[in-house]
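The values are calculated or read from the model by the stated rules, or taken from the named source; none is laboratory data. If you're wondering where the values come from, they're calculated on a predicted model, not measured in any experiment. Neighbour counts are summed over all protein chains in view; Cβ atoms, including those assigned to glycine, are modelled from backbone coordinates with ideal geometry. Accessible surface is based on the protein model in full, side chains and every heavy atom, while ligands, DNA and RNA are left aside. Shrake-Rupley method; radii C 1.70, N 1.55, O 1.52, S 1.80 Å.
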Amino acid sequence: MSFSFITLILLTIWINMAQLQQGGPDEKEKTTALKDLLSRIDLDELMKKDEPPLEFPDTLEGFEYAFNEKGQLRHIKTGEPFVFNYREDLHRWNQKRYEALGEIITKYVYELLEKECHLKKVTLPVDATESEPKSFIFMSEDALTNPDKLMVLIHGSGVVRAGQWARRLIINEDLDSGTQIPYIKRAIEEGYGVIVLNPNENYIEVEKTKAQVQLSSDSSDEPAEKRERKDKIQKETKKRRDFYEKYRNPQKEKETLQLYIRDNGSPEEHAIYVWDHFIAESAAENVFFVAHSYGGLAFVELNCCNWVSSSEPLDTSVESMLPDCPRVSAGTERHELTSWKSFPSVFKFFSEASEAKNSSVKLAPTRRSNRIKYEEL
């Protein structure tokens, strides 16, 4: 039985019920009979026949994919690029498969940062206990001791993690365009210390126990009468939602609890923490930031240049409607490609900025105490 056919069955029943509810006593009896029939349909079993289990490999080899010598993800047997629509008419299952592959890609990039770029993994918070949630960043050995130059890389929002610009580019294009690795390698070659931030790693997820689920529903301080009315409404809402969930999501995923990482519970907190505990403590006379998309919001009021998606040639001045950094074209209309396409221009900008610096007095790096919060934008 196909997904669309199941949808048609349910839609027909609901239409009939709506029509019958407008009639008299006989129609109401038919409505009750229809409801009883509907309650007997085991949607869990019905839908599971259409949607395969949400169980996926935990390695690239398991997915039968590997990166070739050009850094492109290709099928081991066919040599073809990644196929999202692996199963027709099963978008949710295909999306879950894509996300599972994405998690493997994240771990793969972490390995490259350590093995190919020779960066070390540093746990956050720096004074974390063994039992508390933790995050991490990556640093070169000389990140805090290099007296000349330090480069700080920070990605945008979403599912990307340290070392990535865009997951979609890694999977569909190649490692060079989708990761920060070309920046890191060139920075090290040119004598920079390097720090790679990880601003989206803000919490860990653990499966909720029944006690935690019950506690979260019983923790209200509202008066008993009001809470009873609210509980009744919530139960009815949950009943309708659960019925729909059986149809939409037969393989109900487990409830999870998010445990936030101390002082790193948001991208903004993470950036501030790394600044205070690492960047401000570094010996570098010159600190350079490469920030993609949302990652750049913290730095727009500093002396900077913003390479934006545009149809204009690379480095062409682009008019801005906001009083932020001077804007120039990244030479591409695809937002996710801007960091890669502007790669040579970024290093040229850094080099010229260093040469143009006319002050011989080293100032301790500081951050604005009156930062504009994201909520105020």
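Results, tabulated for the structure shown:
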| read-out | value |
| --- | --- |
| Neighbourhood net charge (12 Å Cβ-Cβ; Lys/Arg +1, Asp/Glu -1) for F349 | -2 |
| Residue-level accessible surface for T78, protein heavy atoms, 1.4 Å, Å² | 90 Å² |
| Per residue accessible area of the range 119-169, 1.4 Å probe, in Å² | 40 Å² |
| Local electrostatic count at E103 - Lys and Arg +1, Asp and Glu -1, tallied over other residues with Cβ under 13 Å | +1 |
| Packing-based order for 81-92, 62-73, 258-269, using average beta carbon neighbours within 10 Å, highest first | 258-269, 62-73, 81-92 |
| Two-decimal Rg to Rh for the range 127-216 - Kirkwood Rh, Cα set | 1.13 |
| Debye intensity ratio I(q)/I(0), log10, the range 79-136, q values 0.15, 0.19, 0.21, 0.30 Å⁻¹ (C-alpha model) | -0.69, -0.82, -0.88, -1.12 |
| Protection proxy ranking, peptides 124-135, 191-202, average beta carbon neighbours within 10 Å, highest first | 191-202, 124-135 |
| E228 - accessible surface, heavy atoms, 1.4 Å probe, Å² rounded to 10 | 120 Å² |
